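The values are calculated or read from the model by the stated rules, or taken from the named source; none is laboratory data. Remember, it's a predicted structure, so these values are computed and weren't measured experimentally. Positions of Cβ are backbone-derived with ideal geometry, glycine not excepted, and every protein chain shown enters the neighbour counts.
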Amino acid sequence: MDIFEKLPYPGGRFTNLEYQGYQLTTGALHMIPHAENGPLGTMLKELGTGVRIIPSHPPGLFRIGGRDYEFRQLKDLFSLRDKVKVASIHAMLKLGKGGKESYRDWVKKRLNNRLALELSDSFCGWTLSIHADKLSSREFLAITSNFNRYRGPGIPEGGCGAVTRALVKVIEEGGGNIHLESKVTGIQLDGGRVTGMDCGGESHEFDVVVSNIGPKATVELCGEEAFSPDYVKSVSNIPEAAGIKISVACDRPMLGHTGALFTPQAKRIDGLNEVTNADPSLAPEGKHLLMSHQTYEPGRDIREEIELGLQDLRELFPDFDRHCRVLMVQSYHNGWPVNRTMSGKLMGPETPVRGLYNVGDAIKPRGWVETEGVAAGVKAALERIDAYGG
Ligand SMILES: Cc1cc2nc3c(=O)[nH]c(=O)nc-3n(C[C@H](O)[C@H](O)[C@H](O)COP(=O)(O)OP(=O)(O)OC[C@H]3O[C@@H](n4cnc5c(N)ncnc54)[C@H](O)[C@@H]3O)c2cc1C
């Protein structure tokens, strides 16, 4: 097996980026959505990687009116009449299937209450980098069903870079080659099947090519003429999910726990985590790493959005300037997004070209978020490749 990576490091948007002694990241917030119970945790175990995932406790808290609430306490914030509706929503979240309507409309129909809508937006924003109006209720209910079944997130010891390093070791020990600084410039086809690819001015023969750069970029590498106009149109129109992450150095714990803090009442920030409560080695001794995430809606002024995120931090933590220092602000859009395909826009690993498969965060089966979706999509691709005989 040969892996071609255009950058000088492996891991794409899921690895560590050391800065001033802090383990920041190229993308991810150092969290695995279902800790060791989901598709990624299972895959890491099956591969014998030894990656330790520390379960988040509590999985998440919600900051409302300056106080932090657990999920089960949220109902106390509603009037007696609305409490009945909240209970019915909880029951539907466990038993319902949802449909095409957005999750926002689904909630609104059952409880037209500002806080309920803000809670929906911050959960979707933190988990998927889109707000509840962009997600079908069917996808949301599939996601919550997976959270009920496979439980909440965890933090890999050593951060997401530890996961990448462990996978690199498995690949290399299995005889695979990872070629860094090796940009693929074309995928060769013959008679509707894949025959190889071009990299660094050389052609390499392969009968199976698996791409994780997104279906649109994969089509471009093959040449659009190899596909029907409908297929080209369908992959060109896939919307991405964009976001902004702010990494902050702190001289004391600002959250004090290993879960997420959802911030439904903030102007832009959907949530934060403080991974050093799980793994102190992600920051210099005695310091903490706080990371915020906010959804970015393309078209908005990115500088203004960052400024609003920074204002949120100061409003959420009145002693922010005394204890915290912004280390880095990273924006993710335009081909280096949070999710290459918005959650709920489903696409399988197969392509119209025989021997060519897509994996990665554009190929997430229903209900699986972030790298759980990537791992579940990889599993589906491997099954197809086995069936193909590749
Ligand atoms: C802000 C942010 C927060 C996130 N938080 C989390 C989190 O806490 N938990 C979680 O599970 N997920 C999280 N994610 C999502 C997670 O990072 C992605 O799902 C995951 O990295 C996607 O992996 P991938 O392999 O599909 O894509 P990538 O990681 O983007 O990998 C694709 C690779 O292909 C390379 N490439 C592109 N073109 C070429 C070419 N022509 N030739 C050779 N190489 C090429 C790229 O350089 C890249 O390394 C987050 C993402 C972001 C941006």
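Residues of region 275-303 being part of a strand (DSSP E or B) and either in contact with a strand residue (DSSP E or B) (Cβ under 7 Å, 6 or more places away or on another chain) or of a type outside the set (D, E, K, R) (or both), which ones? His288, Leu289, Leu290, Met291, Ser292, His293, Gln294, Thr295, Tyr296, Pro298, listed by residue number. Listed by first and then second residue, the pairs with beta-carbon distance under 9 Å, at least 6 apart or on different chains, first residue in region 23-43 and among the acidic types (Asp, Glu), second near the ligand (Cβ under 9 Å from one of its atoms) and not in a loop (DSSP other than H, G, I, E, B), form an empty list. Would you mind stating whether Gly11 is part of a loop (DSSP other than H, G, I, E, B) and touching a residue at least 12 places away in the same chain (Cβ under 8 Å)? Answer is yes for this residue.
Rundown of residues vs (1) of a type in the set (A, V, I, L, M, F, W, C); (2) not assigned by TED's automatic domain parsing to the domain that holds Gly196, yes/no style:
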{"position": "Glu220", "(1), (2)": "no, no"}
{"position": "Lys245", "(1), (2)": "no, yes"}
{"position": "Thr258", "(1), (2)": "no, yes"}
{"position": "Phe262", "(1), (2)": "yes, yes"}
{"position": "Asn277", "(1), (2)": "no, yes"}
{"position": "Ala283", "(1), (2)": "yes, yes"}
{"position": "Lys287", "(1), (2)": "no, yes"}
{"position": "Leu290", "(1), (2)": "yes, yes"}
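Criterion applied to Lys169, Lys94, Lys109 was being in a helix (DSSP H, G or I), at pLDDT below 95, surrounded by fewer than 16 Cβ atoms within 10 Å (Cβ to Cβ) and not aromatic (Phe, Trp, Tyr), and the one residue passing it is Lys94. Filtered by the rule that a residue be within 25 Å of Ala87 (Cβ to Cβ), touching a residue at least 60 places away in the same chain (Cβ under 8 Å) and among the polar types (S, T, N, Q), region 108-165 gives Ser122, Thr127, Ser136, Ser145, Asn146. Whenever a residue of region 222-248 is under 17 Å from Gly360 (Cβ atoms), its partners that are in a strand (DSSP E or B) and aliphatic (A, V, I, L, M), lying with C-beta atoms within less than 9 angstrom and at least six residues away or across chains, give the pairs Cys222/Ile187; Cys222/Leu189; Cys222/Val194; Cys222/Leu356. Can we say Ile143 is assigned to a helix (DSSP H, G or I) and under 30 Å from Ala226 (Cβ atoms)? No. Of all residues in region 275-305, those satisfying the criterion of being crowded, with 22+ Cβ neighbours inside 10 Å and among the β-branched types (Val, Ile, Thr) are Val275, Thr276, Thr295.
Going by what's in this entry, would Ile306 be described as of a type in the set (A, V, I, L, M), assigned by TED's automatic domain parsing to the domain that holds Asp207 and outside any strand (DSSP E or B)? So Ile306 does not fit the description; no.
Each row is one residue, and each column tells you yes or no for (1) away from the ligand (no atom under 12 Å from the Cβ); (2) in a helix (DSSP H, G or I); (3) over 24 Å from Arg149 (Cα atoms).
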{"residue": "Met347", "(1), (2), (3)": "yes, no, no"}
{"residue": "Tyr357", "(1), (2), (3)": "yes, no, yes"}
{"residue": "Ile363", "(1), (2), (3)": "no, no, no"}
{"residue": "Gly367", "(1), (2), (3)": "yes, no, no"}
{"residue": "Glu372", "(1), (2), (3)": "no, yes, no"}
{"residue": "Ala375", "(1), (2), (3)": "no, yes, no"}
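Checking each residue in region 1-24 for being in contact with a helix residue (DSSP H, G or I) (Cβ under 6 Å, 6 or more places away or on another chain) and crowded, with 20+ Cβ neighbours inside 10 Å picks out Gly11, Phe14, Thr15, Asn16, Gln23. In the condition set (1) buried (at least 17 other Cβ atoms within 10 Å of the Cβ); (2) under 23 Å from the mean Cα position of the chain (by Cα), Glu70 is compliant with all but (1). Mind listing just one residue for me: the one in region 342-358 that is of a type outside the set (S, T, N, Q) and in contact with a Pro (Cβ under 6 Å, 6 or more places away or on another chain) and, of those, farthest from Ile32 (Cα to Cα)? Of everything passing the filter in region 342-358, Tyr357 is farthest from Ile32 (Cα to Cα). Among the residues of region 318-345, the one identified as basic (Lys, Arg) and within 12 Å of the ligand (Cβ to nearest atom) is Arg340.
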